[in-house]
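Okay, structure first, notes after.
A short reminder: the numbers here are calculations on the coordinates, not readings from a lab. Values in this document were obtained by computation on a predicted structure and should not be read as measured data. Cβ placement follows ideal geometry from the backbone for every residue including glycine, while neighbour counts extend to all protein chains displayed.
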Amino acid sequence: MTSSSARTVWSPDPEALRGRVAVVAGATRGAGRGFAAALGEAGATVICTGRSSVSGRQASDYDRPETIEETADLVTRLGGTGIAVQVDHLDSGQVRRLAERVRAEHGRIDVLVNDIWGGELLKGGPAQWNTPVWEHDLDDGLRILRLAVDTHLITSHHLLPLLIGEPGGLLVEVTDGTAETNAAWYRISVFYDLAKAAVNRLAFSQGHELRPYGATAVAITPGWLRSEMMLDNFGVTEDNWRDALAADRSDGRPTAPEGFARSESPRYVGRAVAALAADPDRARWNQRSVTSAELAREYGFTDIDGTRPDGWSAP
């Protein structure tokens, strides 16, 4: 395995997905922005959906500055075509209207990335983890499930008909932890644990239903993701993120655990999806649960700094 510190010369193929139409549901920030950006640098047309827009943060659970328009602009700067559409994926009517618009303007979807989440604040920090179900706030727990599972089901219901018109479509379900890992490891709370295991199973079950149409469903998990929220937590940016590992920080910010050294940018897991989409033999991954690092080893892409980190590997 290539170590996270070893750097490799690699660059994306700007024509790999030219002419393909992708929808990234939950593209505002974090992994969602990474998926959109990586599909864009491969030349795809990427419809970026989410609740946070320059026109207003429609029911967003986060008070964050990022918007879907910023993501769409990034897609275009990287060589693709970015289109921002404000959608609350818990609202079936809004997702149905999104499907109608995509059908009218593009006729199909080649890649659908179900990255909707929004539960970071609800899951709390380490001090709140391992709270038993009878002590956990029930409303918060049920909203975690709605954000993580209901949104994915609503999105698939309305958008998958656009993916199955021609063979070759790719559905990506985004979660935290592979099916194997989550089957053996309790994840934070009953609600979070169930949510992340359920999304892996969604890829399995939808892959069964998509196979007769020549389409593929895959569940993917990043490793330790350097999202905007994570970088802010440690008081660093993508340019100086390793400063968070310093044992004695003069700025008073928390020192990141040792495992943060194996963290990855959102573009890394995005490039994993772009590689899958460009693979004519992608059906071999149908119903699988994989990590960004596993696909990096398979397809040879790197993170933006030229490394191939594996956040799920042993130290």
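A few remarks follow.
- Taking 0.36 nm per residue of separation and subtracting the current Cα-Cα distance, fully stretching the chain between N240 and V133 would add 34.7 nm.
- Normalised contact order of segment 233-315, rounded percent, pairs of Cα under 8 Å and 6 or more residues apart: 28
- Charge context of T307, other residues only, Cβ under 9 angstrom, K/R +1, D/E -1: -1
- Helical runs (DSSP H, four residues minimum) scored at -39500 (n - 2.57) apiece and divided by the length of the chain put the mean residue ellipticity at 222 nm at -10500 deg cm²/dmol.
- The calculated pair-distance distribution of segment 17-146 uses every alpha carbon pair, bins of 5 angstrom beginning at 0, and gives 2, 11, 20, 21, 17, 12, 8, 5, 3, 1, 0 percent.
- With R₀ fixed at 35 Å, the C-beta to C-beta distance from E166 to L145 puts the FRET efficiency at about 0.55.
- Hydrodynamic radius by Kirkwood, which averages 1/r over all alpha carbon pairs of segment 99-234, in angstrom: 16.2
- With a Förster radius of 41 Å applied to the beta-carbon distance between W185 and A104, the computed FRET efficiency rounds to 0.40.
- For the chain, modelled as a GNM whose springs connect Cα atoms under 10 angstrom apart, the maximal fluctuation among P14, P132, P222 occurs at P132.
- Distance between the C-alpha centres of segment 244-315 and segment 40-117: 23 Å, rounded to the whole angstrom.
- When the alpha carbon gyration tensor of the chain is reduced to an equivalent ellipsoid, the three semi-axes, largest first, read 28, 23, 20 Å.
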